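**Student:** One structure coming up, written as structure tokens, with questions to follow.
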Amino acid sequence: MTQETSQAQPVRARSPRLGRRLTRYVAAELWFPTLFTLLGLTVLALAVQMLSLSDLAINRGLAFGDVAGLAIYHVPPAIGRSLPIAALVGAMIGLGRLSADREILAMQAGGIEPGRQLFAPVTMVALALTAAALAVSLLGTPWASRRLEAELDQVVREHPAASLRAGAVNAYGDFRLEAREVSSSGDELRSVLLWVPSIGETFFAEEASVAPEPGGGTRITLDEGILLTGTTPPAYLRFRHMQHVLPPANEARSPVDRLAGVPNGELRALERDAALPSERRAASVEWHRRLAFPLATLGLALLAVPLALRGGQKSRATGALAGIVATVLYFALVQLGNGLLRRPEIPAATVVWLPNAVLAVVAALLWSSLLGGPSRPRWRARRRAARQVEPGADERTRRLPLDRYVLALFGETAVACFAGLLLAFLIGDVIDNLQWFAKYGSTVGEVMRFYAARVPVLASRVVPIALLVAAALTMSLLSLRGELTGMWACGVSTLRAVRPILVLCALLAVSYHAFHNELVPRANARASYLKRTEIKNGAQGAVRTSLWYRKGSHLYVASRLDPLAGEATGVTVYELTPQWLPKSRTDAAIARHVGDGVWSLIDPLRVEVADGDAQIVDTAAFAELGEDVPAEVDTSHLTLRALQREIHEVEASGYDATTYRVDLHQKLASPLACLVLPALALLLATAGPPFWTPSQTLVLSALQAIGYLLLSGVAASLGYGRFLPPLVAGWGPIALLSGTVGVLAVRSRSQRG
């Protein structure tokens, strides 16, 4: 008997299962944050599209139904891009809620191993989301892309002026068109520059009009125009009227650019039978992406359990942040794969599925460590418990001044909101640019340099929204803990409780003014420069062809530009009058960058216009071409001083600068959003009892942010169309919100009084 006992092996007790009811409960806890995250990302994408399309309905003659249809066609791609993110972030939030409410601890107390038993409900939710992602990727996105392309073609045919903007270069195939002033309807132009590629010359005209061409394309009529040639002898030609038919704006798109809307069967046929190897490879990449990206939903969702249980999540915000970080790392792998696509010897399928393979390995290792690894040392748990019951902790908390306590809570929440939203915006921006990066074979280094300049731009968009959400969540947490009620019981009014938050937001608004209007425009210009030169032209060694851009009072043309080598060939530099008519023309076979924006011209020939005649004159061998090569005048690239200078120059030349003035007033008003939006959120969150729950507060904050963005976009469009004065268009949304804050503050004081 003793011998038998000594040879017996210890039997490990089997972990109880969750049971059907508890499994459904855990799955339900995962569904709500997942769907909420998916809805938030989709609504945000739709709001951004509506902002860009609102001007088409207000000023360019498109029906609101057509504009809404264009925006809705962006929804399936947005859902497809957001589902993997929502799967991981939603699961992390749900598991974080279970951990924060000690429900996972209760499972462990009941003998249930969360690492084993949570696998079933998480997998059930993940499989459902993966099936939805596959349906959207294989059916919804191609259909929406085809419909969107067809609708855009129809818009271009019926409203060729819909995309014209003052000071912006508009591409029609290889043609380039720029006007200093564009009417609100877009069909009347003043001070027009038109590049005609067939003859390699630029036409200048005082006025022009555009209209749809019955056979397709856009008919442009130039009035009172000039052509200045650099021949020997030079020619200065004036004409009263000239008409030309420009090709459709999207005619130059190659079949590779249209792959997003190709049905699955045709895509497989292209992958097999396309004439060019590059087209076959592009079709193969598109097909495997339609499968790989949705299946990443399953892998990302399965990461949630080991990340949540090993990380000791204490709140939903921490879980969301961990999920966003994991998603960022996944998309970093996707971008690494895009860089590898430059090498044709590597199979496209291998490159596209590489991130999923790494994701599967990481998930397997984490699960293996979770299920079979040693348990967390007990001393860590004891140390955390000791900190929680440290003697005198509650007394010190109570002795903290009210302002410091509220500011500390608001500061922690604001930092978490800012980090989470910045990562979310960064992921969304990467996803939006993913196909663009892949098209030009961008390397990881190029993308990293681009986003090093891009991050300040994204941060400027996040700051007001982060302060809004943080303010609302702070008040919601205070009310949830009963502290807000305690303040009222002690005679502390709502306005007194939120005063420290408002003071901090006011100080941040002052700092945000300099950040948003000085640093961000420079960062935006830098990011655009990197996007146009390093990334867009990376596949061709950063070489641009048919360069055509205006900077200030000069127009620069080059048949070939290599910005990395600092050399351009076939260079022409026009000096323009205030009416954008040619004053002189300088031609050079080659131009080399000397430094600080100065270029050396080889064998230059200069032609000047005097008394309606063109003459060859001596010229210097150097020209100020500038270090950057902007393609358009974009006010997002201009600081306040530069924008004011541009307005002065435009109006001094007798032109309408309404568009620029609207943008100027919006730049001046935007810092106040850092104060007005949190103030509105604070007053709404404290409008009780009953008070808003944290989930309701997040929904309310999202609605406020989206409402402010839409209101600003509509006001700007009305300003561009001269329906509102620039001052009202720029300051109106902030003034309206400020008035709402004032009314709520008076109402709150009267109710508490």
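The values are calculated or read from the model by the stated rules, or taken from the named source; none is laboratory data. This is a predicted model, so every value here is computed, not measured. Glycine gets a Cβ as well: all are built from the backbone with ideal geometry, and neighbour counts include every protein chain shown.
**Student:** Can you spot a residue in the range 606-619 that is over 20 Å from Glu206 (Cβ atoms), at pLDDT 70 or above and among the small types (Gly, Ala, Ser)?
**Tutor:** No - not one qualifying residue is present in the range 606-619.
**Student:** Then there's this: Do we find that Gln3 is farther than 30 Å from Gly69 by Cα and modelled with pLDDT under 75 in this structure? Walk me through it before giving the result.
**Tutor:** Values: farther than 30 Å from Gly69 by Cα: yes; modelled with pLDDT under 75: yes.
Yes: the conditions hold for Gln3.
**Student:** Tell me yes or no: at least one residue of the range 197-210 is surrounded by 17 or more Cβ atoms within 10 Å (Cβ to Cβ), within 29 Å of Leu237 (Cβ to Cβ), polar (S, T, N, Q) and in contact (Cβ under 8 Å) with a residue 24 or more places away in the chain.
**Tutor:** Initial filter on the range 197-210 (surrounded by 17 or more Cβ atoms within 10 Å (Cβ to Cβ)): 202-205, 208, 210.
Subsequent filtering for residues that are within 29 Å of Leu237 (Cβ to Cβ) retains 202-205, 208, 210.
Then drop every residue that is not polar (S, T, N, Q), which leaves 202.
Those left that are additionally in contact (Cβ under 8 Å) with a residue 24 or more places away in the chain: 202.
Yes, the conditions are met somewhere in the range 197-210.
**Student:** Check Val662 against each of (1) within 27 Å of Val498 (Cα to Cα); (2) buried (at least 21 other Cβ atoms within 10 Å of the Cβ); (3) not basic (Lys, Arg) and name the one condition it does not meet.
**Tutor:** With respect to (1) within 27 Å of Val498 (Cα to Cα); (2) buried (at least 21 other Cβ atoms within 10 Å of the Cβ); (3) not basic (Lys, Arg), Val662 is out only on (1).
**Student:** Are there helices (runs of 4 or more DSSP H) fully within the range 84-192 with at least 3 residues that are within 25 Å of the chain's Cα centre (by Cα)? List them.
**Tutor:** Result: 119-135, 141-158.
**Student:** Going by what's in this entry, would Arg240 be described as touching an Asp or Glu at 6+ places or on another chain (Cβ under 8 Å) and part of a strand (DSSP E or B)?
**Tutor:** Working: touching an Asp or Glu at 6+ places or on another chain (Cβ under 8 Å): yes; part of a strand (DSSP E or B): yes.
Against the criterion (touching an Asp or Glu at 6+ places or on another chain (Cβ under 8 Å) and part of a strand (DSSP E or B)), Arg240 qualifies.
**Student:** When residues of the range 186-204 are filtered for being over 16 Å from Ala168 (Cβ atoms) and small (Gly, Ala, Ser), how many remain?
**Tutor:** Counting residues in the range 186-204 that are over 16 Å from Ala168 (Cβ atoms) and small (Gly, Ala, Ser) gives 2.
**Student:** May I pose another question? Give the residue, chosen from Ala57, Ala63, Ala47, that is at pLDDT below 80, touching a Leu at 6+ places or on another chain (Cβ under 8 Å) and surrounded by fewer than 20 Cβ atoms within 10 Å (Cβ to Cβ). Please lay out each step first, then the result.
**Tutor:** Numbers: Ala57 fails: touching a Leu at 6+ places or on another chain (Cβ under 8 Å); Ala63 fails: touching a Leu at 6+ places or on another chain (Cβ under 8 Å).
Criteria check complete, one pass: Ala47.
**Student:** Looking at Pro214, is it surrounded by fewer than 16 Cβ atoms within 10 Å (Cβ to Cβ) and not assigned by TED's automatic domain parsing to the domain that holds Asp603?
**Tutor:** For Pro214, the condition - surrounded by fewer than 16 Cβ atoms within 10 Å (Cβ to Cβ) and not assigned by TED's automatic domain parsing to the domain that holds Asp603 - is not met.
**Student:** May I pose another question? I need the full set of residues from the range 249-287 which are polar (S, T, N, Q) and modelled with pLDDT under 85, in order please. Can you show your working first?
**Tutor:** The first filter runs over the range 249-287 and keeps only residues polar (S, T, N, Q), leaving 250, 254, 264, 278, 284.
Those that are polar (S, T, N, Q) and modelled with pLDDT under 85: Asn250, Ser254, Ser278.
**Student:** Would you be able to say whether some residue in the range 380-389 is at pLDDT 60 or above and either in a loop (DSSP other than H, G, I, E, B) or not acidic (Asp, Glu) (or both)? Steps first, please.
**Tutor:** Kept after step one, since they are at pLDDT 60 or above, are these residues of the range 380-389: none.
The answer is no, given that none of the residues of the range 380-389 is at pLDDT 60 or above and either in a loop (DSSP other than H, G, I, E, B) or not acidic (Asp, Glu) (or both).
**Student:** What is the one condition in (1) touching a helix residue (DSSP H, G or I) at 6+ places or on another chain (Cβ under 6 Å); (2) at pLDDT below 80; (3) on the phi < 0 side of the Ramachandran plot that Gly441 does not satisfy?
**Tutor:** (3) is the only condition that Gly441 fails.
**Student:** Now, a different point. Hey, any hits in the range 399-419 for a residue that's assigned by TED's automatic domain parsing to the domain that holds Gly90, at pLDDT 75 or above, touching a Ser or Thr at 6+ places or on another chain (Cβ under 8 Å) and not in a loop (DSSP other than H, G, I, E, B)?
**Tutor:** For the range 399-419, residues assigned by TED's automatic domain parsing to the domain that holds Gly90, at pLDDT 75 or above, touching a Ser or Thr at 6+ places or on another chain (Cβ under 8 Å) and not in a loop (DSSP other than H, G, I, E, B): absent.
**Student:** If Thr327 passes every condition in (1) surrounded by 22 or more Cβ atoms within 10 Å (Cβ to Cβ); (2) closer than 30 Å to Leu95 by Cα; (3) at pLDDT 75 or above but one, which one does it miss?
**Tutor:** Thr327 satisfies all of (1) surrounded by 22 or more Cβ atoms within 10 Å (Cβ to Cβ); (2) closer than 30 Å to Leu95 by Cα; (3) at pLDDT 75 or above except (3).
**Student:** Only residues in the range 513-528 that are closer than 16 Å to Asp663 by Cα count as the first member; pair them with residues that are of a type in the set (Val, Ile, Thr) and surrounded by fewer than 20 Cβ atoms within 10 Å (Cβ to Cβ), Cβ under 6 angstrom, at least 6 apart or cross-chain, and list the lot.
**Tutor:** Qualifying pairs under 6 Å: Glu518/Thr639; Pro521/Thr639.
**Student:** In the list Leu508, Leu484, Leu477, Leu473, which residue meets the criterion of being at negative phi and at pLDDT 85 or above? First the steps, then the outcome.
**Tutor:** Values: Leu484 fails: at pLDDT 85 or above; Leu477 fails: at pLDDT 85 or above; Leu473 fails: at pLDDT 85 or above.
Exactly one residue qualifies, and that residue is Leu508.
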